[in-house]
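A.B. asks: One structure follows; several queries about it will come next.
The values are calculated or read from the model by the stated rules, or taken from the named source; none is laboratory data. All of these numbers come straight from a predicted model, not from anything done at the bench. Cβ placement follows ideal geometry from the backbone for every residue including glycine, while neighbour counts extend to all protein chains displayed. Side chains are part of the model used for accessible areas, which takes the heavy atoms of the whole protein and leaves out ligands, DNA and RNA. Shrake-Rupley method; radii C 1.70, N 1.55, O 1.52, S 1.80 Å.
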Amino acid sequence: MKERLSDEYAAAIRANIADIRARMDKARGERDVTLLLATKTVAPEAINYATQECGVTDIGENRVQELIAKYDDLEKENVNIHFIGTLQTNKVKYIIDKVCMIHSLDSVKLAREIDRQAKKAGKVMDVLIEINVGREESKSGVMPEDFEQFADEISVFENIRVRGIMVIGPICAEKAEYIEYFQKTYAFFLDILPKKIHNIYKPVLSMGMSDNFDLAIEQGSNLIRVGTAAFGKRNYVK
Ligand SMILES: *Cc1c(COP(=O)(O)O)cnc(C)c1O
């Protein structure tokens with residue numbers, strides 16, 4: 001059943017997005033930075049309010065199941081839907097025609113399937129390679145030292161276009177730790193750009209979330225993925 005968005009919640013979303021944009025403006029200088037709203041657990045009415053009434057152009061879902069469940073209720077005009085979560089190979093077929101970019105490419109097997117399904121769908125899928133910059137054991141992503149070989153291996157896939165990289169940062173106690181992590185990631189991004197993704201128009205560095213997006217932008221991110229800061233705590237009572 002479709003719920004109506006309460007006036008209070010709508011006003012909160014509007015104010016939150018205005019606040020995020022003000023902070024982005026302060027951090028970005030003259031650079032373009034894309035605001036992507038991470039919409040897991042958020043109802044379609046709230047997402048549509050953000051895209052139709054607050055000018056948000058990019059949204060990202062984490063789970064295939066949830067994306068499919070919400071998809072018909074999402075307003076899609078002038079909205080780019082991204083996939084930002086871990087993607088299982090056998091589920092690529094469900095999202096191939098629904099998203100404009102997959103942020104979490106981290107295996108050749110997954111690349112092969114995205115390529116295969118994209119070919120079938122008659123499209124070229126934009127992807128970001130997820131990098132495990134912090135070399136954290138619990139995290140997915142390609143290890144920095146394996147990046148070049150990985151990029152070579154997937155370069156044979158004609159229906160995939162590598163647009164840049166994505167990182168899910170560690171949770172840090174100190175601002176300085178975030179800055180160090182973001183600097184390290186940006187240095188890596190600059191290093192690989194001329195080698196592997198030099199022919200790409202506006203390479204994407206997808207880095208920064210609610211807790212730290214201004215720091216991420218200051219250190220070079222050009223796409224931030226923000227959930228909580230826009231929609232409130234994920235069990236937000238409407
Ligand atoms: C949920 C999520 C975000 C946003 O997290 P917040 O802390 O709520 O801003 C960003 N990226 C990914 C991959 C996510 O799953």
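A.B. asks: Can you tell me which residue is nearest to residue 214 (Cα to Cα) among those in the range 148-189 that are within 16 Å of the ligand (Cβ to nearest atom) and among the hydroxyl-bearing types (Ser, Thr, Tyr)?
C.D. replies: 178
A.B. asks: On to the next question. Write out, first by first residue and then by second, each pair whose Cβ atoms fall under 6 Å of each other, whose residues are 6+ apart or on separate chains, and whose first residue, in the range 98-110, is open to solvent by less than 30 Å² (accessible area, probe 1.4 Å) while the second is more than 13 Å from the ligand (Cβ to nearest atom) and in a strand (DSSP E or B).
C.D. replies: Final answer for the pair search is 99/81; 101/126; 102/127; 105/127; 105/129.
A.B. asks: Follow-up. Test residue 27 against the criterion of being open to solvent by 50 Å² or more (accessible area, probe 1.4 Å), aliphatic (A, V, I, L, M), over 16 Å from residue 227 (Cβ atoms) and over 17 Å from the mean Cα position of the chain (by Cα), and give yes or no. Lay out the reasoning, then the answer.
C.D. replies: On the way: open to solvent by 50 Å² or more (accessible area, probe 1.4 Å): no; aliphatic (A, V, I, L, M): yes; over 16 Å from residue 227 (Cβ atoms): yes; over 17 Å from the mean Cα position of the chain (by Cα): yes.
No; evaluated as a whole, the condition is false for this residue.
A.B. asks: Sticking with this structure for a sec: Any chance the range 56-75 includes a residue that's polar (S, T, N, Q), closer than 29 Å to residue 115 by Cβ, more than 16 Å from the ligand (Cβ to nearest atom) and within 17 Å of the chain's Cα centre (by Cα)?
C.D. replies: Yes, because at least one residue in the range 56-75 is polar (S, T, N, Q), closer than 29 Å to residue 115 by Cβ, more than 16 Å from the ligand (Cβ to nearest atom) and within 17 Å of the chain's Cα centre (by Cα).
A.B. asks: So, in the range 22-51, how many residues would count as being part of a helix (DSSP H, G or I), within 15 Å of residue 214 (Cα to Cα) and touching a strand residue (DSSP E or B) at 6+ places or on another chain (Cβ under 7 Å)?
C.D. replies: The number of residues fulfilling the criteria is 1.
A.B. asks: Inspect the range 52-60 for any residue being of a type in the set (A, V, I, L, M, F, W, C), in contact with a helix residue (DSSP H, G or I) (Cβ under 7 Å, 6 or more places away or on another chain), crowded, with 18+ Cβ neighbours inside 10 Å and assigned to a helix (DSSP H, G or I) and give the result as yes or no.
C.D. replies: no
A.B. asks: Let me ask you something else. Quick one: count up the residues across the range 30-40 that are exposed (fewer than 15 other Cβ atoms within 10 Å of the Cβ) and touching a residue at least 40 places away in the same chain (Cβ under 8 Å).
C.D. replies: Residues in the range 30-40 being exposed (fewer than 15 other Cβ atoms within 10 Å of the Cβ) and touching a residue at least 40 places away in the same chain (Cβ under 8 Å): 2 in total.
A.B. asks: Looking at (1) free of Cβ contacts under 8 Å to residues at least 60 places away in the same chain; (2) more than 21 Å from residue 141 (Cβ to Cβ); (3) away from the ligand (no atom under 11 Å from the Cβ), can you tell me which one residue 214 breaks?
C.D. replies: So the condition that residue 214 fails would be (1).
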